[in-house]
Amino acid sequence: MRKLFNRLLNSTDHPHYKAVVLLMWRMLLAGVMLVLLVFIILSFTRLPSVAELENPRSNQASQVLSDDGTVLGKYYTENRVPVEYKDLSPHLVNALIATEDKRFRHHSGIDFVSAVRAIVFMGNRGGGSTITQQLAKQLFTVQVSDNIAERIIQKLKEWIIAVQLERRYTKEEIIALYLNRYDFINGAQGIRAASEIYFNTHPKDLAIQDAATLVGMLKNASLYDPLRRPDRVLQRRSVVLKQMVVSKYITEAAYRRLVRKPLGLQFTRQTHTDGLAPYMRMELAKQLRQLLSQPEYRKPDGTMYDLYRDGLRIYTSINADMQRIAEEEMEKHMAQLQRVFFTHWKGRDPWTYDNASSTTKVPVERRELEFMLYLRSSERYQKLRVDYLAEIISILEAETGVRFHEDDREIERILREKQNPGHLDKLIKAKLISDELADRYRRVLQSDRLPTLEQQWSALQAAVKNSFNKPVPMRIFAYNDRHYVDTVMSPRDSLKYLSMFLQTGIMAVEPSSGEVKVWVGGINHEWFQYDHVNRETRRQVGSTFKPFVYATAIAMQGLSPCFEVVDRPVTIGPGEGEFGLIKSWTPRNADGDYTGNAYTLFEALNKSVNTVSAYLMKQLGSPEPVRTLAAQMGIDKSVLPSSPSICLGSVDLSVEEMTGAYATFINNGIYTKPMLLIRVEDRFGNIIYESIPEENLALSPAYNYTMVTMLEKALTNRGNVLGPVGGKTGTTNDYADGWFMGITPKLVVGTWVGGDKRWIAFRDLTYGQGSRMARPFFLSFIERLQKDPKMNWDKTAAFYKPPGDLGIELDCNVYRGALNNDAAFERRIDNQPDFD
């Protein structure tokens, strides 16, 4: 047959020649008409619109950026951050073209040679899809069954979309789109994430062999998974490198050298919490969700931006280098302090320890309850709870209207009422539950399903006892390079062990702008997610509140910090001033003694003498002036008590509030609200939100500078820190909280250290004071900043002093001389004869 066909073509005199030629032309024309008809029919089916082609859908991670554009972390459902063509390694592009589409630079979306081969052999002798067609499949089409007709239609749709893509994008943009869209698995969506996760580098810096590895994965990422099938990946990489030789991108010698290289993975799995400032990013996510829900910050079509899919660029005030140094110094300090803490508590359990000398003792019964709630919040307990209680409580919720919380408080109350009738009435009287809720509980008590609830509850308790008391292999947190150790321990003991870790909250603010430069919310976000910086996390501040009292007294009464007050008991009685007391209040000093010495305000602030603070408060006649000044410095006035004890720091405040307030002193008395979020842009660079500083004058410059001088003198141990520096320590009852508020001309740093539960604390003042718990971090942090060339720290900078005469004497020698002269003058006047 083949010989006959050749003779027909080679002999124009053959009698059937014209018929054969005519038949071939008709077949060709029919084929073309058929393809055109199919194209016309497909054009009326669901194909992407122009808008969809120009803005293809893609779940893109939103990036959180520092003040210099460093990526601090990402929010995502898919870890996908697009890169531009200029950010791709030439090796990556060459490997891609050589392997996937040799004629990519010369076709308009369809390579007909490859397409015919793919249709004839159904893909068994190489794929016919161009890079553009593969992009079309990723973006706008879905994989169909093995049905031949459906596959042909699928291919034709890809052709149409590929041609449209080629008309709207350059070749370079198509390559970038394709690599950005591909899922390289193991959490690596897109070429940027793949480069970072598999090789710890940027796409533009990929070595030839690494680029070949990633291009090899494009054939089938699961089949060529570097983590599970490294040998197969190496084979595929050699194929890609060989194709680069064929396309003359590399030489044969280079090929032989490269195929001998190991796979060289530097795999690093990425999560939401990877990167610097994880606590800040979790807090920022809450702020962003609230912000983006407001109408003025929505998309043009009125829908909300999706923080996890819309590829937003979120610019923050955080300084990446400062944050890194702060996290490193925090870990050094807290690791050392924790070793001391474990030694301090060796052989004792703070959950059961009875401290007879405690002034604010938490009863053991309350601690046992807290531990039970802590245990019930664990993942292990919740899994058991589902097994034993999910079914019965689901039925009871539907029948009685009781909502059962995960801590099982409802079951405890219901069963206690059964055992001791009247328990619910006591809860109502204590305003812990409402009458309506009590009625719902009684419906459970009257239900036929109560015995089932009791039975399942009893079974759960037995299972919990067995599960939590049995030692098992586990991984727990530790201060080492990996931040964990593998050990054998009972889950109950592991919970107590984790609860023993002291936590910290640290914020650094640039006072002139209010920009937050550092945010450290805890010791390790992977193990301890609770943030100890934001305004929702308040702890007793102790003596760090005293500067607000001193500032108020100085401003209202014109006192010099050289003014002396005798250390002796100060009593404010009922009806005295505007304190509203019903019984007398006489505070003691921290050590319980009164020296009888006269202290200047300089000295009293340095030594945190309580009697002097009480004296100033009594002279003010009311807590209101102090509350007002604190509110002007950014502290929520509603949380400040209207009692004289406020002068000793008997108030719970956050690190965020305290740092913002102290920054006022360094900003010439002007409060600037701490600002974390600077700007939000969409993926195209359009500004969605831009912050506006909020500020107000809280303290006049002269009085403000007086306080700055006092804070300088209050810090007597400055370590190796150079230049002007100051600060104030704070220690609370039973050493539950250690504070240090540190100031420099360009940075204010607030630091809190303590246990999540107030009984997780040192038992004495040796280490339980702010000067041991919090101040060392500040000194080491500032010292590191001063030594780091990147910081460009100005050691000659000084605290701002307003021009002219302050009207307040800061030199105590001059102040005492003036007092002596005044006294001598008064004596001379008194001794003059009276001529009248």
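The values are calculated or read from the model by the stated rules, or taken from the named source; none is laboratory data. Quick caveat: nothing in here was measured; it's all calculated off a predicted structure. Methodologically, a virtual Cβ is constructed for each residue, glycine included, from the backbone with ideal geometry; neighbour enumeration extends over all protein chains shown. Each accessible area value is taken on the protein alone, full model and side chains, heavy atoms only, with ligands, DNA and RNA left out. Shrake-Rupley method; radii C 1.70, N 1.55, O 1.52, S 1.80 Å.
Key figures
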{"read-out": "Every pair of residues 6+ apart whose Cβ atoms lie under 6 Å, when the first sits in the stretch 88-112 and is within 17 Å of V246 (Cα to Cα) while the second is part of a loop (DSSP other than H, G, I, E, B) and open to solvent by less than 70 Å² (accessible area, probe 1.4 Å)", "value": "L92/L206; I97/F104; A98/S247; D101/T130; R103/D111"}
{"read-out": "Output for the stretch 362-371, where each listed residue is closer than 15 Å to D734 by Cα and within 34 Å of the chain's Cα centre (by Cα)", "value": "V362"}
{"read-out": "Single condition K383 does not satisfy, out of (1) touching a residue at least 60 places away in the same chain (Cβ under 8 Å); (2) under 21 Å from W527 (Cβ atoms)", "value": "(1)"}
{"read-out": "Neighbours by Cβ (under 9 Å, 6+ apart or cross-chain): first from the stretch 435-459, farther than 13 Å from I414 by Cβ and open to solvent by 50 Å² or more (accessible area, probe 1.4 Å); second among the aliphatic types (A, V, I, L, M) and not in a helix (DSSP H, G or I)", "value": "none"}
{"read-out": "Filter result (open to solvent by 30 Å² or more (accessible area, probe 1.4 Å), farther than 20 Å from E712 by Cβ and not basic (K, R)) within the stretch 660-688", "value": "I678, F684, G685, N686, I687"}
{"read-out": "Filter pass, S645 being hydroxyl-bearing (S, T, Y) and touching a Pro at 6+ places or on another chain (Cβ under 8 Å)", "value": "yes"}
{"read-out": "Condition check for E329: open to solvent by less than 80 Å² (accessible area, probe 1.4 Å), closer than 30 Å to I782 by Cα and part of a helix (DSSP H, G or I)", "value": "yes"}
{"read-out": "Residue tally, condition assigned to a strand (DSSP E or B) and in contact (Cβ under 8 Å) with a residue 40 or more places away in the chain, over the stretch 481-539", "value": "15"}
{"read-out": "Filter pass, N733 being under 30 Å from Q338 (Cβ atoms) and surrounded by fewer than 24 Cβ atoms within 10 Å (Cβ to Cβ)", "value": "yes"}
{"read-out": "Qualifying residue in the stretch 35-49 (condition: more than 31 Å from the chain's Cα centre (by Cα), at pLDDT 90 or above, among the small types (G, A, S) and within 30 Å of E166 (Cβ to Cβ))", "value": "no"}
{"read-out": "Breaking point among (1) within 21 Å of G542 (Cβ to Cβ); (2) not in a loop (DSSP other than H, G, I, E, B); (3) not basic (K, R), for D591", "value": "(2)"}
{"read-out": "Positions within the stretch 794-815 being in contact (Cβ under 8 Å) with a residue 60 or more places away in the chain and either among the hydrophobic types (A, V, I, L, M, F, W, C) or assigned to a helix (DSSP H, G or I) (or both), in sequence order", "value": "A797, A798, F799, L806, I808, L810, C812, Y815"}
{"read-out": "Check on V71, within 20 Å of D682 (Cβ to Cβ), open to solvent by 50 Å² or more (accessible area, probe 1.4 Å), at pLDDT 90 or above and not aromatic (F, W, Y)", "value": "yes"}
{"read-out": "Cβ-Cβ under 6 Å pairs, at least 6 apart or on other chains, the stretch 757-782 side closer than 15 Å to K728 by Cβ, far side open to solvent by 40 Å² or more (accessible area, probe 1.4 Å)", "value": "Q769/T731; G770/T731; L779/G719"}
{"read-out": "Residues located in the stretch 535-578, provided they are under 42 Å from the mean Cα position of the chain (by Cα) and open to solvent by 10 Å² or more (accessible area, probe 1.4 Å)", "value": "R535, E536, T537, R538, R539, Q540, S543, A555, M556"}
{"read-out": "Residue satisfying condition, being touching a Leu at 6+ places or on another chain (Cβ under 8 Å) and on the phi > 0 side of the Ramachandran plot, within set G542, G514, G558", "value": "G542"}
{"read-out": "Number of the exception - E417 against (1) loosely packed, with under 14 Cβ neighbours inside 10 Å; (2) within 44 Å of the chain's Cα centre (by Cα); (3) among the acidic types (D, E)", "value": "(1)"}
{"read-out": "Hey, E695 over 30 Å from L498 (Cα atoms), surrounded by fewer than 18 Cβ atoms within 10 Å (Cβ to Cβ) and touching a Phe, Trp or Tyr at 6+ places or on another chain (Cβ under 8 Å) or not", "value": "yes"}
{"read-out": "Residue under evaluation P350, criteria (1) closer than 30 Å to D481 by Cβ; (2) of a type outside the set (D, E); (3) part of a helix (DSSP H, G or I), criterion not met", "value": "(3)"}
{"read-out": "Those residues of the stretch 313-359 which are touching a residue at least 12 places away in the same chain (Cβ under 8 Å) and among the aliphatic types (A, V, I, L, M), in sequence order", "value": "I314, I318, A320, M322, I325, A326, M330, M334, A335, L337, V340"}
{"read-out": "Residue list for the stretch 297-326, filter: open to solvent by 70 Å² or more (accessible area, probe 1.4 Å) and at pLDDT below 95", "value": "R298, P300, D301, M304, R309"}
{"read-out": "Test: residue in the stretch 200-221 that is in contact with a Gly (Cβ under 6 Å, 6 or more places away or on another chain), at pLDDT 95 or above and either crowded, with 24+ Cβ neighbours inside 10 Å or of a type in the set (S, T, Y) (or both)", "value": "no"}
{"read-out": "Residue in the stretch 237-247 that is in contact with a Gly (Cβ under 7 Å, 6 or more places away or on another chain), among the charged types (D, E, K, R) and at pLDDT 90 or above present", "value": "yes"}
{"read-out": "Residue under evaluation R192, criteria (1) in contact with a Phe, Trp or Tyr (Cβ under 9 Å, 6 or more places away or on another chain); (2) touching a residue at least 40 places away in the same chain (Cβ under 8 Å), criterion not met", "value": "(1)"}
{"read-out": "Qualifying residue in the stretch 468-478 (condition: out of contact with any Ser or Thr (no Cβ under 7 Å at 6 or more places or on another chain), open to solvent by less than 20 Å² (accessible area, probe 1.4 Å), aliphatic (A, V, I, L, M) and under 30 Å from K418 (Cα atoms))", "value": "no"}
{"read-out": "Unique match (being charged (D, E, K, R), open to solvent by 50 Å² or more (accessible area, probe 1.4 Å) and under 41 Å from the mean Cα position of the chain (by Cα)) among E657, E603", "value": "E603"}
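Every residue, every condition in (1) closer than 30 Å to M658 by Cα; (2) modelled with pLDDT of 95 or more; (3) over 19 Å from the mean Cα position of the chain (by Cα); (4) among the hydroxyl-bearing types (S, T, Y), yes or no:
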{"site": "R482", "(1), (2), (3), (4)": "no, no, yes, no"}
{"site": "P491", "(1), (2), (3), (4)": "no, yes, yes, no"}
{"site": "S494", "(1), (2), (3), (4)": "no, yes, yes, yes"}
{"site": "L498", "(1), (2), (3), (4)": "yes, yes, yes, no"}
{"site": "F501", "(1), (2), (3), (4)": "yes, yes, yes, no"}
{"site": "T504", "(1), (2), (3), (4)": "yes, yes, no, yes"}
{"site": "A508", "(1), (2), (3), (4)": "yes, yes, no, no"}
{"site": "V518", "(1), (2), (3), (4)": "yes, yes, no, no"}
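Listed here are the residues, each with its yes/no results for (1) small (G, A, S); (2) buried (at least 20 other Cβ atoms within 10 Å of the Cβ); (3) farther than 19 Å from A663 by Cβ.
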| position | (1), (2), (3) |
| --- | --- |
| K607 | no, no, yes |
| T611 | no, yes, yes |
| L616 | no, yes, yes |
| G621 | yes, no, yes |
| P625 | no, no, yes |
| L629 | no, yes, no |
| Q632 | no, no, no |
| D636 | no, no, no |
| S643 | yes, no, yes |
